[in-house]
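Comments concern the structure below.
The values are calculated or read from the model by the stated rules, or taken from the named source; none is laboratory data. Values in this document were obtained by computation on a predicted structure and should not be read as measured data. All Cβ positions, even for glycine, are placed from backbone atoms using ideal geometry, and neighbour counts span all protein chains on display.
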Amino acid sequence: MNDEEQKKITILQRQKLKHFIKELEPIRGRHTELVSVYIPAGYDMNAIINHLQQEQGTATNIKSKTNRDAVIAALEKMIQHLKLIKRTPPNGLAAFSGNVAKREGFQDYRVWSIEPPNPVNLRLYRCDKQFILDPLKEMAEDKSVYGLIVLDRREANIALLKGKSIIPLVNEESMVPGKFKAGGQSAVRFAQNRELAAKEFYKKIGDMAKDQFLQMTELKGILVGGPGPTKYEFVDGNYITTEVKNKIVTIKDLSYTGEFGLQELVEKSEDILANEDVAEEKKIMNKFFDILGRTPAKAAYGKEEVMNKIKMGAVETVLLSESLDDETIDQFTEEAEKMSTNVFIVSTETREGVQLKELGKIAAILRYEVHAE
């Protein structure tokens, strides 16, 4: 398996994990009756089953009959499920069980399990009013963090790219006068004042970048961009502390500043962000929009149309917005798996993800052209 294939698998695993967490997070027990179990990679499954059977015996001491019966039943559901798995998966296992009936006095015991994309390093058994999901949330996060600086002589923006989200930090307007001098000033004097104002502005932005980025240990790099030569004057001049300057990994020519400039900087830095989730999401969404524009018969969108194409076996990749409800995502994932169709869950944190949401939340790249009859 090459690096590109491995990267796609990792991203899909993380998407699956996020969906798994989204399903379990809202569930609440009436008492401490929801069971969470984490089994470390390489740990003996039989030892875990024996431990849970012992916990069943201990649970008979719970004073509340309702809570006691619920815990014992949840543990039994968990034990029977783990017996079917038999062997601990390579990355370990996270499993959860409990009564999820929404009405008092009713029973609906369910069990879930997942092999996370990263090895499980803790052994845990806990009964609580909610499932213990923090270890999985930690694995599901895209931990990549980049600094963004976009500027020209009029304004500057400093932001973070955290996973797929652009988080604005600073928006600063300059005091640099326009290119046309005021009356009474000589052209030379006006030009000198303009350059002095520009240098003051660069120094101010350099200090702000230092305040935001210098102590940020998780920062993987800083991306700089903007229209015209300003960005080079800023980076090459003595305006940024050396420690921050050493973190700059690319400088890009842009058409905009502001919010659009930040988006454009991320898009034009695809070479730098190639191994990050945000780049993969933008890449596949741009591929869809390109196909839709050039060869519409090889693209589809809308719930009914895409489902019909999946059942035909015509879909190469189905694109599902994370804003869809769990039932719809499960329905499309199940049908896609039958036809060896790739499934990509698209966030709403990128511009392309917002476009998919506005398009109906479901789209597809087809294996071949399908023309309407």
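Looking only at segment 154-170, residues that are touching a residue at least 60 places away in the same chain (Cβ under 8 Å) and in contact with a strand residue (DSSP E or B) (Cβ under 9 Å, 6 or more places away or on another chain) come to 9 in all.
To keep it simple, each residue is scored yes or no on (1) β-branched (Val, Ile, Thr); (2) without any contact (Cβ under 8 Å) to a residue 12 or more places away in the chain; (3) over 22 Å from Leu24 (Cα atoms).
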position: Gln53; (1), (2), (3): no, no, yes
position: Gln56; (1), (2), (3): no, no, yes
position: Asn61; (1), (2), (3): no, yes, yes
position: Val71; (1), (2), (3): yes, no, no
position: Lys77; (1), (2), (3): no, no, no
position: Asn91; (1), (2), (3): no, no, no
position: Phe96; (1), (2), (3): no, no, no
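Of all residues in segment 316-361, those that are more than 19 Å from the chain's Cα centre (by Cα), touching a residue at least 40 places away in the same chain (Cβ under 8 Å) and either in a helix (DSSP H, G or I) or buried (at least 21 other Cβ atoms within 10 Å of the Cβ) (or both) total 1.
Consider Leu214 carefully, then state whether it is closer than 19 Å to Asn171 by Cβ and in contact (Cβ under 8 Å) with a residue 12 or more places away in the chain. No.
Quick one: in segment 28-56, of everything that is of a type in the set (A, V, I, L, M, F, W, C) and either part of a strand (DSSP E or B) or not assigned by TED's automatic domain parsing to the domain that holds Cys127 (or both), which residue is farthest from Arg123 (Cα to Cα)?
Leu34
Restricting Lys137, Lys143, Lys63 to residues that are in a loop (DSSP other than H, G, I, E, B) and within 30 Å of Ile167 (Cβ to Cβ) narrows the list to Lys143. Inside segment 362-373, residues that are surrounded by fewer than 15 Cβ atoms within 10 Å (Cβ to Cβ) and in contact with a helix residue (DSSP H, G or I) (Cβ under 8 Å, 6 or more places away or on another chain) make up a count of 3.
Screening Lys287, Lys309, Lys303, Lys298 for residues that are farther than 19 Å from Ser165 by Cβ, of a type in the set (D, E, K, R), crowded, with 16+ Cβ neighbours inside 10 Å and out of contact with any helix residue (DSSP H, G or I) (no Cβ under 6 Å at 6 or more places or on another chain) leaves exactly one candidate, Lys309. Within segment 98-129, being touching a residue at least 60 places away in the same chain (Cβ under 8 Å) and either among the polar types (S, T, N, Q) or out of contact with any helix residue (DSSP H, G or I) (no Cβ under 9 Å at 6 or more places or on another chain) (or both) holds for Asn99, Val100, Glu104, Pro119, Asn121, Arg126, Asp128, Lys129.
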